[in-house]
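This report concerns only the one structure given below.
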Amino acid sequence: MYYFFWMKLLIAEDEISLQQSIVTYLERDGNVCECASNYEEAIYKVSLYDYDVIILDVNLVTGSGLEVLKQLKKEKKKAGVIIISANNSLNDKLEGLDLGADDYITKPFHLAELNSRIKAVLRRGKFGGDENIVFNEIRVDTGAKSAYVLDKPLTLTRKEYDLLLFFITNKNRILSKEIIAEHLWGDNSDLADNFDFIYVHINNLRKKLTSEGAKYIKTAYGSGYKFTEE
Amino acid sequence: MRKASKSFLWASMLLMVLSTIALFFYVRWLLEQEVEEELFSAEARIESALSAGQHPSSLAPIIEINEVDELKTPFTKDTVIYDPSQDEMELFRELSTYKRINNKSYKISVRVLVVETNQILWAIILSYIVIIFLVFVFQFYLNKSSNKKIWNPFFHNLEQMKKFSLLSKEPIQLLDSEILEFSELNKEIALLTGKVRDDYENLKQYTEDVSHELQTPLAIIQAKIENIINDQTVTEVQFNQLASIQKDIQRLTQLNKRLALLTKLENHQFTHRANIDITDLIAQIISNFNEISTISLTFEKASNIMANIDPYLAEILCNNIISNAIKHSSHRKPINIEAKDMVLSVYNYGPTPIVNPQYLFTRFYRENKEFKSTGLGLAIVKKICELYGYEITYAYINEHHCFSIDFGSTKSTRKLSS
């Protein structure tokens, strides 16, 4: 089984620079990305086509992304929705989630982070969160939060499991230490950075995988990482 | 106003006493003059009657005419004589003159009952006092009620100003007054409060806008860096530089987030409250930090700490105070956290005390420049404590920095002042 099938995505973002960067990143996996640069375009495309995941900016230049979300729910579309907002307020987040969004991400974000959220939303939507992600001999059971190499269970800490999932969802991409730290520790990632504690986690995971013969975590440019079979 | 009416009271009292005394002496003098005049005119009449050969009969005690051997100098005196008509001893004013008329020497004594004039004197003084007192009382109350009416808008407006808060959207409600000075004052107050509110709103909006507007460009920069890295055409040096830019973007993002949080705290935008077990929260945060940091965190829980606080802020408060200790813990020595009697204390090792403890909670103050922190963590801690009235203290004990938050001390929530 190879689970990274391509998705059809809509990116509703009025900042063209950001929109195109997201498209570039996501299309590497062979996903199909369509764009909407304003409210009307978003409403039009949402009502006309079906998408797996819609990435929705709250502040579209001519209207609110939340209105698009309402429209989507009214038409009972099954697309997963990730809201992007420049506003870090808890209320906005809750409002978006109340309206039926699947996730909420605040600007600025890492594209790798967005990608991993998209995959998570897709898993939840299509498989009720219970899915096996397979990468060659590695299998990650997202329901039981456990990982296997050739069906032999790996003993991973919570963070190591998170890290493995993050690597697999962003395979073939270079992940800097900063991106990984922020994914694992959010606002506290600056603390981890002070002690280079990130190395400990990555090295532990790498050792556990390597001992089972799965040598996929590669160092890139000295300080970055890449999960790849090359 | 009270002071004005008090001084008015004293002045009128003084005036009343002085005028009464003056009146008393003046009237007494007038009456004495009158009596004297009466005595002299009666004496003159008797004298002329005597010289006309008539002999008016004595009318004791009012008039007494006696023949005497020798003439003496005339005198006036007060004397107490028995008055048969009243059947009692009475005070008289007496004028005795010695006159030689038709070769006979007479002593003519004329007397006037002084009691009567005394009574007149007292009657005048008394009625004066009564009148002036009544006038005074009347005026006092009239003044007071009119003052009340005049000052009422002033006091109302004063109350309004005391209640004035930048947070309420309502403009200040001032009572209009007929007094020119007051209505001018009102105009100025309305203008001033309006301006203060506008400025405040602008500042608030500005901070919000800035933090808001910064996010999108940051997002663009970050996204582009990620794409550049993945283009596989960069050198290692370039990669490291890009990674360093990512780090700086992260710092900027943190700074932005914390500034926005501080602004929200200052605007009192956190109104949600729940009962939070701080000790539970600390235990949870410690387990989170254990995943990040190799520094050991010990937690001594003598008693539970419960606080009525916004859950989100509670987490930030505990997180910031512990992460501050982790950041500044020298020599990777363990950090001790204690919960006892509603006081949460965090100890971390430091070989030297802090140079400027008074600036500890100031924004952007960094004791040690080598830490790349936002310089806002403790300022946020302080603000949250202020918001809920918790007391936060710093002490340097046995080579340890100690921050204590007293969740028991809930002073009344402060007004918006700073």
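Read the figures in this text as sums done on the coordinates, not as results from a lab. All figures in this text were calculated on a predicted structure; none of them were measured in a lab. Ideal geometry is used to build each Cβ from the backbone, glycine not excepted, and the neighbour counts take in all protein chains shown.
Select from A:Ser116, A:Ser17, A:Ala144 the residue farthest towards the positive end of the dipole of chain A; place +1 on Cβ of Lys and Arg, -1 on Cβ of Asp and Glu, and compute about the Cα centre.
The listed residue farthest towards the positive side: A:Ala144.
Where Lys and Arg each count +1 and Asp and Glu each count -1, what net charge lies around A:Phe166 among other residues with Cβ under 12 Å from its Cβ?
+1
Which of the residue pairs A:Lys73/A:Lys177; A:Lys73/A:Lys159; A:Lys107/B:Lys264; A:Lys159/B:Lys382; A:Lys119/A:Lys208 have a Cα-Cα distance greater than 27 Å in the structure shown?
Over 27 Å Cα-Cα: A:Lys73/A:Lys177; A:Lys73/A:Lys159; A:Lys159/B:Lys382.
Once the convex hull of the C-alpha atoms of region B:274-406 is built, how many Å³ does it hold per residue, rounded to a whole number?
Dividing the Cα hull volume of region B:274-406 by its residue count gives 104 Å³.
Filter chain B for me: DSSP H helices, axial length by Cα at least 20 angstrom, mean Kyte-Doolittle hydropathy not below -0.5. List them by residue number.
Flagged H segments are B:2-51, B:114-163, B:180-230, B:236-266, B:278-292, B:311-328.
Multiply the residue separation of B:Gln284 and B:Ile131 by 0.36 nm, subtract the distance between their alpha-carbon atoms, and state the gained length in nm to one decimal.
46.6 nm
Does region B:220-288 classify as rounded, prolate or oblate by the C-alpha gyration tensor (a ≥ b ≥ c root eigenvalues; a/c under 1.5 gives rounded; else a/b over b/c gives prolate, otherwise oblate)?
Cα axes put region B:220-288 in the prolate bin.
Tell me what chain B gives for mean residue ellipticity at 222 nm when only DSSP H runs of n ≥ 4 count, each as -39,500 (n - 2.57), the sum divided by the residue total, rounded to 500 deg cm²/dmol.
Value at 222 nm, helices only, nearest 500: -20000 deg cm²/dmol.
What's the long-distance tail for region A:132-227, i.e. % of Cα pairs beyond 15 Å?
I get 58 percent for the Cα pairs in region A:132-227 exceeding 15 Å.
Could you tell me which residue out of B:Pro56, B:Thr193, B:Thr117 lies farthest along the dipole of chain B toward its positive end? Charges go on the beta carbon: Lys and Arg +1, Asp and Glu -1, centred on the Cα centre.
B:Thr193
Rounded to the nearest 0.05, what FRET efficiency do B:Ser51 and B:Thr76 have when you use their Cβ-Cβ distance and R0 = 22 Å?
Using R0 = 22 Å, I get an efficiency of 0.50.
Of the listed peptides B:81-87, B:362-368, what is their order by residue-averaged count of other C-beta atoms within 10 Å, with the highest listed first?
Descending mean neighbour count gives B:362-368, B:81-87.
Within region B:1-77, report the GluC sites (Glu not before Pro) that DSSP leaves as loop and that have at most 15 other Cβ atoms within 10 Å.
Those that pass, being in a loop and sparsely packed, are B:Glu70.
Choose one of B:Gln246, B:Leu265, B:Gln205: the residue whose Cα lies farthest towards the positive end of the charge dipole of region B:180-266 (beta-carbon charges +1 Lys, Arg; -1 Asp, Glu; about the Cα centre).
Projecting each Cα onto the dipole axis, the largest value belongs to B:Gln246.
Can you tell me what the convex hull of the Cα atoms of region B:2-136 projects to on average, as an area in nm²?
10.7
Would you tell me the mean number of C-beta atoms belonging to other protein chains that fall within 10 Å of each C-beta in A:17-23, as a whole number?
5
Counting other beta carbons within 10 Å of each Cβ, put B:Phe407, B:Phe164, B:Phe25, A:Phe167 in order, fewest first.
Sorted ascending by nearby Cβ count, the order is B:Phe25, B:Phe164, B:Phe407, A:Phe167.
Using all C-alpha to C-alpha distances in the protein assembly as shown, build P(r) with 20 Å bins and read off the rounded percent in each one.
Final binned percentages: 14, 31, 19, 8, 8, 9, 8, 3, 0.
Tally the DSSP beta bridges in the protein assembly as shown and give the antiparallel ones as a percent, rounded to 5.
75
Place a +1 charge on the Cβ of each Lys and Arg in region A:132-227 and a -1 charge on the Cβ of each Asp and Glu, then give the dipole magnitude about the Cα centre in debye, rounded to the nearest 20.
That gives region A:132-227 a dipole magnitude of about 440 debye.
Run the numbers for B:Gln119 and B:Thr294: contour at 0.36 nm per residue of separation, minus the present Cα-Cα distance, in nm.
The span from B:Gln119 to B:Thr294 would gain 52.2 nm if fully extended.
If you take every DSSP beta bridge whose two residues both sit in region A:8-127, what share of them, in percent to the nearest 5, is antiparallel?
Of the beta bridges lying entirely in region A:8-127, close to 10 percent run antiparallel.
Quick one: putting +1 on the C-beta of Lys and Arg, -1 on the C-beta of Asp and Glu, what dipole do you get for region B:101-232 around its Cα centre, in Debye to the nearest 20?
I would put it at about 1840 debye.
So what is the relative contact order for chain A, in percent, with contacts set as C-alpha pairs under 8 Å and at least six apart?
Once normalised by length, the contact order is 13 percent.
Please work out the FRET efficiency for the pair B:Ala44 and B:Val68, using the Cβ-Cβ distance as r and a Förster radius of 22 Å; give the result to the nearest 0.05.
0.70
When only DSSP loop residues count, what GluC sites (Glu not before Pro) in region B:137-213 have their Cβ near at most 14 other Cβ atoms within 10 Å?
B:Glu178
Can you return the lysines within cross-link range of B:Lys104? Criterion is Cα-Cα under 18 Å, with same-chain partners fewer than 8 residues away left out.
Excluding near neighbours in sequence, the set is B:Lys72.
Dividing the alpha-carbon radius of gyration of chain A by 2.2 N^0.38 Å (N being the number of residues), what value is obtained?
1.05
If exposed trypsin sites (Lys or Arg not before Pro) are those in a DSSP loop with at most 11 other Cβ within 10 Å, what is the longest stretch of chain A that has none?
Between exposed loop sites, the widest span is A:79-214.
Charges only on Cβ, +1 for Lys and Arg, -1 for Asp and Glu: so what's the dipole of the protein assembly as shown about the Cα centre, in debye to the nearest 20?
About 2060 debye.
Arranged by the count of other C-beta atoms within 10 angstrom, fewest first, what order do A:Glu178, B:Glu338 take?
B:Glu338, A:Glu178
Please arrange B:Glu170, B:Glu116 by how many other C-beta atoms lie within 10 Å of their C-beta, fewest to most.
By the 10 Å Cβ count, ascending, the order reads B:Glu170, B:Glu116.
For region A:1-127, what number results from the quotient of the Cα radius of gyration and 2.2 N^0.38 Å?
0.96
At 7 Å along Cα-to-Cβ for each site, give me the label-to-label distance between B:Leu142 and A:Tyr44 in nm.
8.4
Using R₀ = 45 Å, calculate the FRET efficiency as 1/(1 + (r/R₀)^6) where r is the Cβ-Cβ separation of B:Asn202 and A:Ser211; round to 0.05.
In this case the efficiency is close to 0.15.
When you have a sec, figure out the Kirkwood radius of chain B from all distinct Cα pair distances and drop it here in Å to one decimal?
Over chain B, the inverse of the mean reciprocal pair distance is 31.9 Å.
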